[in-house]
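A.B. asks: There's a structure below that I have some questions on.
Each value in this text was obtained by applying a stated rule to the coordinates, not by laboratory testing. Keep in mind that what you see is a predicted model, and the values were worked out from it rather than measured. Cβ: placed from backbone, ideal geometry, glycine included. Neighbour counts: every protein chain shown.
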Amino acid sequence: MDHEKPFAITLDVGSSLANKTGAWRTERPVYLDLLPPCNQACPAGENIQQWLYHAEGGGYEAAWRQIMADNPFPAVMGRVCYRPCETACNRGQLDESVGINSVERFLGDEAVRNGWTVPMTASATGKHVLIVGAGPAGLSAAYHLRLLGHDVTIRDAGDAPGGMMRYGIPRYRLPREVLDAEIDRILAMGVRLESGCHVTDVVAALTEFDAVFLAVGAHIAKRAYIPAGDSARILDAVALLHDVEDAQPPMLGRRVVVYGGGNTAMDAARTAKRLGATDALVVYRRTRERMPAHDVEVTEATDEGVAMKWLSTIARADGETVTVEKMRLDDKGFPQPTGEFEELAADTVVLALGQEADLALLDGVSGIETEDGVVRVGPTLMTGHPGIFAGGDMVPSERTVTIAIGHGKNAARQIDSWLRKGDHRAPQPAALASFDKLNTWYYSDAHATVRPQLEAARRVSTFDEVTGGLDESTALFEARRCLSCGNCFECDNCYGVCPDNAVIKLGPTRRYEIDYDYCKGCGICVSECPCGAIEMRPEPG
Amino acid sequence: MPLQPIKFYQTGSFVVGNRLLDPDERAVQARIDRTNSLNCGHRACQGCGEALGARYALDAAMRATGNQMVAVNATGCLEVFSTPYPETSWRIPWLHSLFGNAPAVATGVAAGLKAKGRSDVRVVGQGGDGGTVDIGFGCLSGMFERNDDVLFICYDNEAYMNTGVQRSGATPPAARTTTTPAIGPEPGNVFGQGKNVPAIAMAHEIPYVATATVADLRDLEYKVTRAMDFRGARYLHVLVPCPLGWGSASGDTIRIARLAKESGLFPVFEAEGGEVTDVSKIRRRVPVEDYLRLQTRYAHLFGEHGHPGTVARIQAVADRNIRRFGLVEGE
């Protein structure tokens, strides 16, 4: 017996570390990365939560590079995207959605200002891909194909690249120096652009190139038969927006009626105002709720004095008047004529009834199937003809710039995989980080930052950009409103709240680890994780 | 200067760390080199609020005193689960004597250090609500009355949990314990009895009295640090939910502590020389029912044979606290 010990003490002093309390556990906490709703909603597949994470810490360049991994047009996106991410944003259920789009624009503008570029690190493959159409889908595909090491030639019918970004979206929404800067950055990566070039024989092109990506868009205006007098002046919105871009704006007169309820109709009406029309009236056969135009476009148009006439169709157009018939919605929500007519003063009628793709270049190509005026493609975006892929507005889609950019990315990856005789499959997405998984107690109360807008009076007289950007401090504030849904942002809560010191902090950017020797499986870390990035799982075995 | 919340950095100072803050602005608990006064391997139940509260408080005290500190512990869960012979979970100088004498032992340690001229070493006494509110109460009052240089911390889990959930002087009305069973016309603990020790401590007009919960770590750490600014008797009363005795899910410990504060049932405040100097406002007010329903010790109040009148009486207690302490902004 050791006589060094005090009276009645027989055992050496030990640490409780000998007591592995992990053996008590029936469930264990596990860290995971869930899919944030913004990422799930993004048609371009951006990892929004991740780039906001960089931006929150002031790492704007890293944030921009994270966007560029998926989308080469942050500055354009920050102006024209319809923001499905913000609709999905969990913060919208707390106070207001994070202004993701405004932060993206700030980052895009920072990149243009600082001349950031994306390095090409892939070795050249020697493969050469032809892209038909220099719109958002084509340019996005070109960018991603170059990053994958392929040579790219774009043939485009327009005088300048950009497609609908240039000839469909007015300058007041997308200033051309912004568009040019982002297109030039792609072209500078070694993309060969042949402008003013109509491709007519796709099959012949396949002998010259290893693969072809078709992205010709939808540039042909749909027409409707409207009985018209000889002096009636009727044009289509696609031509109007195109001619404005070519600096040959048509004479519209003082009173302009736009027929249609989509975004193009709004753009046409707002453009008419800027060209000097005193009255711009949108005539649409259904109601505001059923209008396909996005809310923000309708609101901005209304703010600029564009008037709306719902539940009306144009029955006849004459020199200075149009006759509209009132409609009513039937049980199924379809407009039905009522037989009540009204005359409106109008110098010009602009038709904005939708667009169709010009598929003439596919005539006689074997294996191609079309349906409702668009080309049928599988999940790999390949048409029925091997080696010919298609995307953007010429395939079934909701026809937005962002969707087209997403098609371009997907097409590039699929073409790459096809050329390598591989099989590109996107990894299975993680489970959704839904609102109920968050512990919102921990987030600061902070309302959204509103972007400055040009005064309405100045808006209707010029093509200056309507919506301004955020400055650095407001962009940073906005980025920091992100809840980081389902992805650890190193708040140290799990490390702090464990009653058993069983969470190991690994240090900045390295996150945490559970010490299963001592974790009793109480679940406090799971309950108190603000962003839902830990879950309990049954103990294995 | 009361605790200043930091705003708009995504999570501000609500979370333990927050990578967007300077390291000095993060909680002591966010530090890789925190003391971990109470080490792994202790035998507290899953989700123990007291184990958490003790580490929070003592790590903060170690930081505030530059690691020059002695802790004296009353008998109770905290002592039993941390030191089953011959193991110890304590990584600080730590002393245990009896159930009822912890404040007196702490006084003795402080006197001894004074005699040795070690004014740099500070003394913390600690115990559960049984050792503080009931059994050690005479010694505690004496310690206050003599203004001995001790910070005494009570980890209040509202009953004698270690011996099997018997009622203490801190058990709230209507709560079921093994000695206040949920039977009869007024089931559970009676209304109008028990002791409000923070108020009693304030009546001694000692330099500093504060309450806190394990749900607001920043506030708890601030109060421990603030207490070390004073010499003389100081008292900190920390609400620590007990999954075993309260019948709550082990993962809900912090949530329940937060609801106790947000409902107004547990007012969080600080006082100097007997005067309240600051209160923690309610941020998202909830009815007491939200708090009570998570705990089976109140299960008899709900359901088909529930006691809505009793719930209303508990709500009245919360409303009175809100009025008395001004817990709601603008009211």
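A.B. asks: If you take the beta carbon distance between A:VAL203 and A:SER123 as r and set R0 to 30 Å, what does 1/(1 + (r/R0)^6) give as a FRET efficiency, to the nearest 0.05?
C.D. replies: 0.50
A.B. asks: Right, another one. Give the angle, between 0 and 90 degrees and rounded to the nearest 10, that separates the Cα long axis of helix A:176-187 from the longest principal axis of the Cα atoms of chain A.
C.D. replies: On a 0 to 90 degree scale, this one is about 60.
A.B. asks: If you look for lysine pairs in chain B that are eight or more places apart or on different chains, how many of them have Cα atoms under 23 Å apart?
C.D. replies: Lysine pairs meeting the criterion: 8.
A.B. asks: A further question follows. Rounded to a whole number, what is D in µm²/s for segment A:221-355 from Stokes-Einstein with the Kirkwood radius over alpha-carbon pairs (25 °C, 0.890 mPa s)?
C.D. replies: For the chosen part, D equals 167 µm²/s.
A.B. asks: While we're looking at this one, here's another question. Please list, in chain and number order, the residues 5+ apart from A:GLY261 or on another chain whose amide H is under 5 Å from its amide H, with Hs placed from the backbone.
C.D. replies: Result for A:GLY261 returns nothing.
A.B. asks: Taking the Cα-to-Cβ direction at A:ARG511 and at A:THR462 and moving 7 Å from each Cα, how far apart do the two end points lie in nm?
C.D. replies: 4.9
A.B. asks: Residues in segment B:183-221, backbone N under 14 Å from the label point at B:ALA316 (7 Å along the Cα-to-beta-carbon vector): list them, ranges by number please.
C.D. replies: Answer for this model: B:191-193.
A.B. asks: Something else now. Rounded to a whole number of µm²/s, how large is the Stokes-Einstein D of segment B:34-325 at 10 °C and 1.306 mPa s, given Rh as the Kirkwood radius over C-alpha pairs?
C.D. replies: D, rounded to a whole number, is 83 µm²/s.
A.B. asks: For a label point 7 angstrom out from the Cα of B:LYS281 toward its Cβ, which stretches of segment B:14-44 have the backbone nitrogen within less than 18 Å?
C.D. replies: Under cut-off, by backbone N: B:14.
A.B. asks: Compute the length gained on full extension between A:THR440 and A:ASP159: take 0.36 nm times their separation in residues and subtract their Cα-Cα distance, giving the result in nm to one decimal.
C.D. replies: Separation in residues times 0.36 nm, less the Cα-Cα distance, equals 96.0 nm.
A.B. asks: Within 10 Å of each Cβ in A:521-533, how many Cβ atoms from other chains are there, averaged over the peptide?
C.D. replies: That works out to 5 on average.
A.B. asks: So what are the three principal axis dimensions of the protein assembly as shown from its Cα atoms, in whole Å, longest to shortest?
C.D. replies: In descending order, the Cα extents are 112, 64, 50 Å.
A.B. asks: Oh, and also: Quick query: amide H of B:TYR208 versus all other amide H atoms, modeled in the peptide plane; which residues come in under 5 Å with a sequence gap of 5 or more or a different chain?
C.D. replies: Here the answer is B:TYR235, B:GLY273, since their amide H atoms fall under 5 Å of that of B:TYR208.
A.B. asks: Treat each spin label as a single point 7 Å out from the Cα along the C-beta direction, and report the A:ARG420 to B:LYS114 distance in nm.
C.D. replies: About 7.7 nm separates the two model spin labels.
A.B. asks: If I take R0 = 51 Å and measure r between the Cβ atoms of B:ILE32 and B:ILE183 in this structure, what FRET efficiency does the formula 1/(1 + (r/R0)^6) give, to the nearest 0.05?
C.D. replies: 0.50
A.B. asks: Per 0.36 nm of contour for each residue apart, how much would the distance between A:GLN93 and A:GLU356 grow if the chain were fully extended, relative to their Cα-Cα spacing?
C.D. replies: 90.9 nm
A.B. asks: On to the next question. If you plug each phi of segment A:124-137 into the Karplus form 6.51 cos²θ - 1.76 cosθ + 1.60 with θ = phi - 60°, what whole-Hz ³J(HN,Hα) values come out, in order, with x for Gly and Pro?
C.D. replies: Residue by residue, segment A:124-137 yields 5, 8, x, 8, 10, 10, 9, 10, 9, x, 9, x, x, 5 Hz.
A.B. asks: Still on this structure, I have one more. Along the three principal axes, how long is segment A:76-140 when you take its alpha carbons, biggest first, rounded to the nearest angstrom?
C.D. replies: Dimensions of segment A:76-140 along the principal axes of its Cα atoms: 52, 28, 20 Å.
A.B. asks: OK, next. Between B:GLU145 and A:ILE504, what is the label-point separation in nm under the 7 Å Cα-to-beta-carbon projection?
C.D. replies: 5.3
A.B. asks: Next question. Return the equivalent ellipsoid semi-axes of segment B:285-331 as a descending list in whole Å, where each equals the square root of 5 times an eigenvalue of the C-alpha gyration tensor.
C.D. replies: With the √(5λ) rule applied to segment B:285-331, the semi-axes are 24, 10, 7 Å.
A.B. asks: In what sequence do A:SER195, A:SER312 fall when counting other Cβ within 10 Å, fewest first?
C.D. replies: A:SER195, A:SER312
A.B. asks: Kindly express, to the nearest 10 degrees and within the range 0 to 90, the angle between helix A:401-419's C-alpha long axis and the longest C-alpha principal axis of chain A.
C.D. replies: 70
A.B. asks: With viscosity set to 1.567 mPa s at 4 °C, what whole-number translational diffusion coefficient in µm²/s follows for segment B:185-316 from Stokes-Einstein and a Kirkwood radius over Cα pairs?
C.D. replies: Answer, rounded: 81 µm²/s.
A.B. asks: Would you please put A:517-528, A:56-67 in order of how densely packed they are, using the mean number of other Cβ atoms within 10 angstrom per residue and starting with the highest?
C.D. replies: Ranked from most to least packed, the peptides come out as A:517-528, A:56-67.
A.B. asks: Take the alpha carbon atoms of segment B:211-230, find their center, do the same for segment B:294-331, and report the distance between the two centers in whole angstrom.
C.D. replies: Distance between centres, Cα-based: 26 Å.
A.B. asks: Also, quick follow-up: What fraction of the DSSP beta bridges in the protein assembly as shown is antiparallel, stated in percent and rounded to the nearest 5?
C.D. replies: Once the DSSP bridges in the protein assembly as shown are tallied, antiparallel ones form about 40 percent.
A.B. asks: In whole Hz, with x marking every Gly and Pro, tabulate ³J(HN,Hα) for segment B:255-270 from phi via Karplus 6.51 cos²θ - 1.76 cosθ + 1.60, θ = phi - 60°.
C.D. replies: 4, 5, 4, 5, 5, 4, 6, 6, 7, x, 5, 10, x, 9, 8, 9
A.B. asks: Related question: Would you mind counting up the charge near A:ARG459? Only other residues with Cβ under 10 Å from its Cβ, with Lys and Arg at +1 and Asp and Glu at -1.
C.D. replies: With Lys, Arg at +1 and Asp, Glu at -1, the neighbours total -2.
A.B. asks: Cα centroid distance between segment A:39-72 and segment A:100-150, in Å?
C.D. replies: 14
A.B. asks: Within a 10 angstrom radius of each residue's Cβ in B:246-252, how many Cβ atoms of other chains show up on average? Whole number is fine.
C.D. replies: Across the residues of B:246-252, the mean count of other-chain Cβ atoms within 10 Å is 4.
A.B. asks: Treating only the Cβ atoms of Lys and Arg (+1) and Asp and Glu (-1) as charged, compute the dipole magnitude of the protein assembly as shown about its Cα centre; round to the nearest 20 debye.
C.D. replies: My answer is approximately 1860 debye.
A.B. asks: At what distance in angstrom do the alpha carbon centres of segment A:292-330 and segment B:166-206 lie from each other?
C.D. replies: Result: 71 Å between the Cα centres.
A.B. asks: Here is a follow-up. Where Lys and Arg each count +1 and Asp and Glu each count -1, what net charge lies around A:ASP201 among other residues with Cβ under 11 Å from its Cβ?
C.D. replies: Summing Lys and Arg as +1 and Asp and Glu as -1 gives -2.
A.B. asks: Under 22 Å Cα-Cα from A:LYS332, which lysines qualify once same-chain neighbours fewer than 8 residues away are excluded?
C.D. replies: A:LYS309
A.B. asks: May I ask you to derive the FRET efficiency for A:GLN453 and B:GLU25 from their Cβ-Cβ distance with R0 = 30 Å, giving the value to the nearest 0.05?
C.D. replies: 0.25
A.B. asks: Limiting things to C-alpha atoms, what are the Rg and the maximum Cα-Cα separation (Dmax) for segment A:255-327, in angstroms?
C.D. replies: Using the Cα atoms of segment A:255-327, the pair Rg, Dmax is 11.5, 33 Å.
A.B. asks: Cross-link partners among lysines for A:LYS20, C-alpha distance below 18 Å, same-chain residues fewer than 8 apart left out?
C.D. replies: A:LYS520
A.B. asks: Whole-Hz ³J(HN,Hα) for each residue in segment B:161-168, computed from phi via Karplus 6.51 cos²θ - 1.76 cosθ + 1.60 with θ = phi - 60°, x for glycine and proline: what do you get?
C.D. replies: Listing the rounded values in order: 7, 4, 8, x, 6, 9, 4, 10 Hz.
A.B. asks: Next question, about the same structure. What does the charge count around B:VAL15 come to, taking other residues whose C-beta lies under 10 Å from its C-beta (Lys +1, Arg +1, Asp -1, Glu -1)?
C.D. replies: 0
A.B. asks: Counting alpha carbon pairs within less than 8 Å and at least 6 residues apart, what relative contact order, in whole percent, applies to segment B:250-331?
C.D. replies: For segment B:250-331, the relative contact order is 33 percent.
A.B. asks: Tell me what chain A gives for mean residue ellipticity at 222 nm when only DSSP H runs of n ≥ 4 count, each as -39,500 (n - 2.57), the sum divided by the residue total, rounded to 500 deg cm²/dmol.
C.D. replies: It comes out at -8000 deg cm²/dmol, rounded to the nearest 500.
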